[in-house]
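Data block below; observations after.
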Amino acid sequence: MPNMSLNKQKMPEQDPNIRNKNFLEVALGYTEEMAREEAQRCLQCKNKPCVAGCPVNVQIPEFIKLVAEGRFEEAYGKIRETNSLPGVCGRVCPQETQCEQLCVRAKKGESVAIGRLERYVADWYMANRKNKVESVEAKNKKVAVVGSGPAGLTCAGDLAKLGYDVTIFEAFHVPGGVLMYGIPEFRLPKSLVQKEIDTVKELGVKIMTNMVIGKVFSLDELIEEGYEAIFIGSGAGLPSFMGIPGENLNGVYSANEFLTRINLMKAYKFPDCDTPVKIGKNVAVVGGGNVAMDAARCAKRLGAENVYIVYRRSEAEMPARLEEVHHAREEGIIFKLLTNPTRIEGTEDGWVKGIECSEMVLGEPDSSGRRRPVPKEGSEHVVDVDTVVIAIGQSPNPLIKSTTPGLETQKWGGIIVEEETGATSKAAVYAGGDAVTGAATVILAMGAGKKAAAAIDKYLSSDNIKV
Amino acid sequence: MFKIVRKEVLNPSVKLMEIEAPFVARKAEPGQFIIFRIDEEGERIPLTIADFDRKKGTVTIIFQEVGKSTRMLGQMKVGDVILDFVGPLGVASHLENYKKVAVIGGGLGTAIAYPQAKKLHSLGAEVDSIIGFRSKDLIILEEEMKQASTRLFVATDDGSNGNKGFVTDILKRLVEEGNSYDLVIAIGPLIMMKFVSLLTKQYGIKTLVSMNPVMVDGTGMCGGCRVTVGGKTKFACVDGPDFDGHEVDFDEAMRRQNMYKKEEKKSEEKHACRLVSQEQKAYGGEGNA
């Protein structure tokens, strides 16, 4: 008999007023009892609408059935068939707009907590895993993967499972990409990301850190080095600024820099770790996406008294996940909606002292389909702040494009690919993730990595036939 | 892991290290930089490449001990390893097709000016190098610069080497004596680069300066290294580090360089305190500091 409760098992969480002072994980995870209870809410529908909502097609009802039966190791195996990073996805995927949105249970009450169950299974496996590596027949074909974020790790993992000799080239000193430098510890513990990376390495994937492709090797040089195909998953690493006066004052950060200092370089442990970050008493974070929420919640944890989210549209248009907005509110972040910065004010010696904003009203829908915000005349006002974090988006890093003749990109920098395969305009070169789409989600990047891996396999196999 | 294969003390606070980094050495060009990180807790610190040997697979860096990371690096010995060493980063200097160039190095900047002078010299340009230091005992790379230059001028602020003055004084004299340069390269403290640029602007001589602002990743990702050049924001790591000296907003750059002064001091104090405690332990003292 399925569990007919209308609501999901509640996720145990740290108390908002305690967690907004630490970097420990906010959501604590289900117990075994809760997981099995929740798993029984799944109706095991024949047509599995949820699976269609998953960019990597996790076999959701199947793994949930195994959870209900307490067969967690098999449940993990089922998820891993199509998803290389279940512990990450269970935590950061926007399930509410993907699998869970299509869940039949959501028609009356809440959907099955698919994400929370995925997380439970991954965490169970990490705690109870036995080291076993299934050996696959080696294909003796080398593939290079540029970038070790979600797209690159997924592509590399899938290709390794097929027997390819895969090397990932990572520019930073640790692998993981945005999972390490972008998403904060309290939302995605770095030790967990490391464990997920280790499971990819166990498949035989080699990871070379401190390798900036475009500098140390161009793509053409990688091909000369014997790599028969290349996947570019270099992410969206170029921060956008607003182009308003005062953006180069001391105390203005891109969200990339702010979060990298805190997450990757562990500035929250300064001076035990050497990299500092400036927080100040009052902080304005400009933007309404997950990155803005992450930056705001970090600032609060690092001791800022007042942290403002400054966003030019209303809450309905915010691109951030509902859960993140909700968590931010609970932690005391102040939302200044329909507010647009026009200028950052500085002290005489060049430090931020305030941010001038206009109030906005929503007009007609724009090209994105969202109502366009227009300034209210005479509504300019200054909010006193010491730090401003600009979190209005990132575009793809131009380093590879500028060193790769024949690689076509969009005007804004995104690499142009064939939708179904990730094939670029350059032979043997594939791409996916934020490097193609601009800043998007972890799971979409993973989906793209997956498609490209299949296409690379097909390409290299047909090559084989020719020989 | 990157092994230190040679170490030299150039002056009391400036050291040279040759590091085994074959991938970096393979592609390095004058004007480019590397980022190093000493250990797991370390900060990512950019340093301009002073020399490289593609055959040996080594890259030479010259650094002044100005903060915790460079001080720790300075204490390392031949055979020790640095955790991370990434590069070559930034755009290489374009040094082709110049006939007569003045290469100016101020203090530690001489270490960065050296590969440029060497390259220009090897390309057949006439190179007048002008290097300046606070005093005689701080002079570095005099012999190397002499070999990479047609003429070398060494000035000290206090005149202790018998040639008192600033690099700008010498440049001014040379220009007024009728030397016509088609390029001036100025590398050193921001204030020096500012004044060289102001001077050459009067003479209308094209001037390149090398910026070394605070940065994290060095690949265009963080935007911390923003420099205003010709009224536009540039990222020193990917658009530079060389920029047109007549277009750079040096005052803003000087202000931005001071962003973490307080934190740097705190970090150093903590480091000093740890060193004292280690020494006490080594000598059997009460290492509870």
Practice problem: Can you pull the one-decimal nm distance between simple spin-label points at B:M76 and A:V361, each 7 Å off the Cα toward Cβ? | Solution: 6.2 nm
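Between A:E315 and A:I18, take the C-beta separation as r, use R0 = 35 Å, and let me know the FRET efficiency to the nearest 0.05. Let's see the in-between values first.
Details: r = 26 Å, r/R0 = 0.74.
In this case the efficiency is close to 0.85.
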Quiz item: Ordered by packing density, taken as the mean number of other Cβ atoms within 10 Å over each peptide's residues, highest first, how do A:78-86, A:286-294 rank?
Solution: A:286-294, A:78-86
Quiz item: Taking the Cα centre of segment A:2-104 as origin and charging only Cβ (+1 Lys, Arg; -1 Asp, Glu), how large is the dipole, in debye to the nearest 20?
Solution: 200 debye
Quiz item: If you keep only loop residues by DSSP, which trypsin sites (Lys or Arg not before Pro) in segment A:122-182 have at most 15 other Cβ atoms within 10 Å of their Cβ?
Solution: A:R129, A:K130, A:K132
Quiz item: Where in chain B are the DSSP H helices whose alpha-carbon span along the long axis reaches 18 Å or more and whose Kyte-Doolittle mean is at least 0.0?
Solution: B:190-203
Quiz item: Cα centroids of segment A:37-62 and segment A:240-308: how far apart, whole angstrom?
Solution: 38 Å
Quiz item: Using alpha-carbon positions, what is the distance between the centroids of segment B:231-272 and segment B:147-198, in Å?
Solution: 23 Å
Practice problem: Indicate the helices, whole DSSP H runs only, in chain A that combine a mean Kyte-Doolittle hydropathy of 0.0 or more with a Cα extent along their long axis of 30 angstrom or more. | Solution: A:442-466
Self-check item: Evaluated at q = 0.14, 0.19, 0.24, 0.25 Å⁻¹: base-10 log I(q)/I(0), Debye formula over Cα of segment B:78-133
Solution: -0.51, -0.76, -0.95, -0.98
Self-check item: Percent RCO, i.e. relative contact order, over chain B, from Cα pairs under 8 Å lying at least 6 residues apart
Solution: 15 percent
Quiz item: Taking the Cα-to-Cβ direction at B:N163 and at A:T347 and moving 7 Å from each Cα, how far apart do the two end points lie in nm?
Solution: 4.3 nm
Exercise. Using only the C-alpha atoms of chain A, find the volume of their convex hull and express it per residue in Å³.
Key: 162 Å³
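Per residue, how much accessible surface does segment A:101-150 expose to a 1.4 Å probe? Answer in Å², no decimals.
Numbers: 2650 Å² over 50 residues.
On a per-residue basis, segment A:101-150 sits at 53 Å².
Show me the GluC sites (Glu not before Pro) within segment A:152-246 that DSSP assigns to loop and that have at most 10 other Cβ atoms within 10 Å of their Cβ. Walk me through the numbers before you get to the answer.
Values: sites: A:E170, A:E185, A:E196, A:E202, A:E221, A:E224, A:E225, A:E228; in loops: A:E170, A:E185, A:E202, A:E225.
Hits after loop and neighbour filter: nothing returned.
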Quiz prompt | chain A - percent relative contact order, Cα under 8 Å, separation 6 or more | solution = 16 percent
Exercise. Write down the radius of gyration of segment A:336-467 and its Dmax, each obtained from C-alpha positions, in Å.
Key: 22.1, 72
Quiz item: Taking +1 at the Cβ of each Lys and Arg and -1 at the Cβ of each Asp and Glu, which of B:I49, B:V175, A:C93 sits farthest along the dipole of the protein assembly as shown towards its positive end, judged by Cα position relative to the Cα centre?
Solution: A:C93
Quiz prompt | GNM result for chain B, Cα springs below 10 Å: residue of B:E144, B:E176, B:E247 fluctuating most strongly | solution = B:E176
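Could you report segment B:140-209's accessible area per residue, 1.4 Å probe, as an integer in Å²? Write out the running numbers ahead of the final one.
On the way: 3360 Å² over 70 residues.
Accessible area per residue, segment B:140-209: 48 Å².
Rounded if a/c is under 1.5, else prolate if a/b beats b/c, else oblate: with a ≥ b ≥ c from the C-alpha gyration tensor eigenvalues square-rooted, which is segment A:375-438? Numbers along the way, then the final one.
Working: a/c = 3.61, a/b = 2.92, b/c = 1.23.
Because a/c hits 1.5 or more and a/b exceeds b/c, segment A:375-438 counts as prolate.
Within 10 Å of each Cβ in A:254-261, how many Cβ atoms from other chains are there, averaged over the peptide?
Mean shielding by partner chains, rounded to a whole number: 5.
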Self-check item: Surface share of carbon and sulfur [accessible, 1.4 angstrom probe, percent] for segment B:135-230
Solution: 52 percent
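Let me spell out the model: positive unit charges on the Cβ of Lys and Arg, negative unit charges on the Cβ of Asp and Glu, origin at the Cα centre of segment A:195-299. What dipole size does that give, in debye rounded to 20? Don't jump to the answer; show the numbers that get you there.
Details: 10 positive and 13 negative charges, 150 e Å.
About 720 debye.
Taking all protein chains in place and a 1.4 Å probe, what share, in percent, of the accessible surface of segment B:1-119 do carbon and sulfur account for?
On the way: 2350 of 4350 Å².
Result for segment B:1-119: 54 percent of the exposed heavy-atom area is carbon or sulfur.
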Exercise. Have a look at B:K136, B:K100, B:K270 and tell me which one the Gaussian network model of chain B (Cα, springs below 10 Å) gives the largest fluctuation.
Key: B:K270
Practice problem: Only counting protein heavy atoms at a 1.4 Å probe, give the residues of segment B:40-56, ordered by number, whose accessible area falls by 10 Å² or more when the other protein chains are present relative to the chain alone. | Solution: B:E41, B:G42, B:E43, B:R44
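Loop-only check: which GluC sites (Glu not before Pro) in segment A:255-347 are DSSP coil with at most 15 other Cβ within 10 angstrom? It would help to have the intermediate numbers written out before the result.
Numbers: sites: A:E257, A:E305, A:E315, A:E317, A:E323, A:E324, A:E330, A:E331, A:E345; in loops: A:E305, A:E331.
Those that pass, being in a loop and sparsely packed, are A:E305.
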Self-check item: Cut-off under 5 Å, modelled amide H: who pairs with A:S395 long-range
Solution: A:L238, A:S240
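Quick one: accessible area per residue over segment A:323-467, 1.4 Å probe, rounded to a whole number of Å²?
With the other protein chains kept in place, segment A:323-467 gives 50 Å² per residue.
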Quiz item: Among B:Q116, B:Q202, B:Q64, which one moves the most in a GNM of chain B with springs linking Cα atoms closer than 10 Å?
Solution: B:Q202
Quiz item: What is the set of long-range amide H partners of B:T58 at a cut-off below 5 Å, with H atoms built 1.01 Å from backbone N?
Solution: B:A21, B:D53
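Using 0.36 nm per residue of separation minus the Cα-Cα distance, give me the extension gain between B:K201 and B:H94 in nm, one decimal. Mind showing how you got there, number by number?
Working: separation 107, 0.36 × 107 = 38.52 nm, distance 2.00 nm.
Value of the extension gain: 36.5 nm.
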Self-check item: Sites A:A106 and A:M1, calculated FRET efficiency, Cβ-Cβ separation with R0 22 Å, nearest 0.05
Solution: 0.65
Practice problem: Counting only C-alpha contacts under 8 Å and six or more residues apart, can you give the relative contact order of segment B:215-270 as a whole percent? | Solution: 26 percent
Quiz item: Can you pull the mean other chain C-beta count within 10 Å for peptide B:25-33?
Solution: 1
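Interface B/A, total buried accessible area with a 1.4 Å probe, nearest 100 Å²?
Details: alone 14530 and 20770 Å², together 31440 Å².
Result for this pair: about 3900 Å² buried.
So if R0 is 30 Å, what FRET efficiency would A:T209 and A:F241 give, r being the distance between their Cβ atoms, rounded to the nearest 0.05?
Values: r = 28 Å, r/R0 = 0.95.
Working from the Cβ atoms, E equals 0.60.
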Practice problem: Be a star and scan segment B:161-201 for residues whose amide nitrogen sits under 15 Å from the point 7 Å along the Cα-to-Cβ vector of B:S135. | Solution: B:161-165
Quiz item: How much space per residue, in cubic angstrom, does the convex hull of the C-alpha atoms of segment A:266-335 take up?
Solution: 80 Å³
Practice problem: From other protein chains only, count the Cβ atoms within 10 Å of every residue's Cβ in A:275-282, then give the mean. | Solution: 3
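The values are calculated or read from the model by the stated rules, or taken from the named source; none is laboratory data. Values in this document were obtained by computation on a predicted structure and should not be read as measured data. FYI the Cβ positions are ideal-geometry reconstructions off the backbone, even for glycines, and counts take in every protein chain you see. SASA here: full protein model, heavy atoms, side chains in, ligands and nucleic acids out. Shrake-Rupley method; radii C 1.70, N 1.55, O 1.52, S 1.80 Å.
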